[in-house]
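The structure appears below as structure tokens.
The values are calculated or read from the model by the stated rules, or taken from the named source; none is laboratory data. Source: prediction; values computed, not measured. All Cβ positions, glycine included, derive from the backbone under ideal geometry; neighbour counts span all protein chains shown. Accessible surface is based on the protein model in full, side chains and every heavy atom, while ligands, DNA and RNA are left aside. Shrake-Rupley method; radii C 1.70, N 1.55, O 1.52, S 1.80 Å.
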Amino acid sequence: MSILEVNNIKKKFDNTEILKGISFSMEKGQTLSILGSSGSGKTTLLRCLNFLETPDCGTISVNGNLLFDAMKQPYSEAEIREKRVHFGMVFQQFNLFPQYTALENVALAPKLFNNGKVPDSEIDAMCKDLLSKMGLSDRMYNYPHQLSGGQQQRVAIARALALKPDILCFDEPTSALDPELTGEVLKVIKELASQHTTMIIVTHEIGFARDVSDEIIFMDDGIIADKGTPSQVIDNPINERTKQFLSNYSGHS
Ligand SMILES: Nc1ncnc2c1ncn2[C@@H]1O[C@H](COP(=O)(O)OP(=O)(O)OP(=O)(O)O)[C@@H](O)[C@H]1O
Ligand SMILES: [Mg+2]
């Protein structure tokens with residue numbers, strides 16, 4: 001059974017169809033990268049998976065459980081909160097809370113969701129462990145403004161992992177970073193991939209996507225134009241739009 005099954009997701013904004021019927025599945029422990037030109041609908045797709053947007057059509061199942069069905073709307077706030085925990089989201093702009101330390105940013109949601117079942121000290125220990133794994137053991141008590149972009153993004157990754165999502169999603173996790181900080185974030189993501197964390201990564205880092213991914217989706221104008229292994233999609237693209245897109249990037253990855 002696939003960990004994620006997405007079936008015929010469609011989404012309109014202002015009468016323009018942005019997602020035109022997206023279907024794919026992925027297996028547990030795999031890394032799926034999504035490539036595609038600006039405006040092709042990559043962020044919208046991730047936002048649909050994370051219940052930040054509501055698709056007009058289609059279904060989303062996780063571990064065989066139907067999580068979203070456009071026919072069964074609307075879902076209550078409480079239902080959406082519950083459904084959302086299956087996905088972790090790391091954004092381009094980190095979105096850390098500026099008034100909280102790194103540790104507080106990571107521990108906030110686990111404490112909120114926990115309803116006092118696990119002592120706070122245990123949650124803090126788990127979050128410190130995650131921050132250490134991100135190479136931030138000496139930064140736990142720093143506030144976001146005291147951290148580099150790369151460090152902030154690694155806090156954001158720890159924060160997403162702290163809720164133990166089934167699928168961790170990244171939306172261009174390094175595109176707000178200087179090149180020298182990009183490497184440290186990609187290294188952490190690569191490590192997560194080697195530990196078989198299930199991940200969907202929207203990225204413009206073609207070389208990275210080729211290295212880290214089990215599968216690659218190429219999106220074009222709201223559809224999946226190409227899907228396959230990195231060598232199929234990146235090294236031997238068949239689709240004309242994929243070829244064109246990749247040729248714009250040659251030498252940049
Ligand atoms: N909330 C919204 N309201 C109206 N239009 C939107 C909204 N969100 C996205 N769009 C439009 O949907 C299209 C796809 O946007 P999306 O952000 O998904 O693209 P993308 O593939 O992530 O692009 P990029 O690589 O630039 O991040 C764009 O034309 C965008 O203007
Ligand atoms: Mg985007």
Normalised contact order of segment 34-96, rounded percent, pairs of Cα under 8 Å and 6 or more residues apart: 24
Average Cα contact separation per residue, segment 1-106, under 8 Å, 6 or more apart, as relative contact order %: 26
Extreme residue, positive dipole direction of the chain, given options 103, 73, 212 (C-beta unit charges): 73
Solvent-accessible area of residue 210 with every protein chain in place, 1.4 Å probe, in Å² to the nearest 10: 90
Net lengthening on full extension, residue 191/residue 95 (0.36 nm per residue, minus Cα-Cα): 32.3 nm
Computed log₁₀ I(q)/I(0) - Debye formula, equal Cα scatterers, no solvent, segment 1-129, q 0.16, 0.18 Å⁻¹: -0.97, -1.12
Net charge dipole size for segment 7-86 [Lys, Arg +1 and Asp, Glu -1 on Cβ; Debye, nearest 20]: 140
Karplus (6.51, -1.76, 1.60) ³J(HN,Hα), θ = phi - 60°, over segment 122-130, in Hz, Gly and Pro reported as x: 5, 5, 4, 4, 4, 6, 5, 4, 4
In sequence order, calculated HN-Hα J values of segment 141-158 (Karplus, 6.51, -1.76, 1.60; Hz; x Gly/Pro): 9, 8, 8, x, 5, 8, 10, 5, x, x, 5, 4, 5, 5, 4, 4, 5, 4
Long-range Cα-Cα pairs in the chain (distance over 30 Å), rounded percent: 28
Debye, to nearest 20: dipole size of segment 177-253, +1 on Lys, Arg Cβ, -1 on Asp, Glu Cβ: 140
Net dipole in debye of segment 1-155 [+1 Lys, Arg Cβ; -1 Asp, Glu Cβ; about Cα centre; nearest 20]: 260
Cβ-defined net charge surrounding residue 59, 10 Å radius [Lys, Arg +1; Asp, Glu -1]: -1
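How much FRET efficiency would the formula 1/(1 + (r/R0)^6) give for residue 69 and residue 148, where r is the Cβ-Cβ distance and R0 is 35 Å, rounded to 0.05? Could you put the intermediate results ahead of the total?
Values: r = 42 Å, r/R0 = 1.21.
With R0 = 35 Å, the Cβ-Cβ based efficiency is 0.25.
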Rounded Å value of the spacing that divides the Cα centres of segment 40-94 and segment 132-161: 26
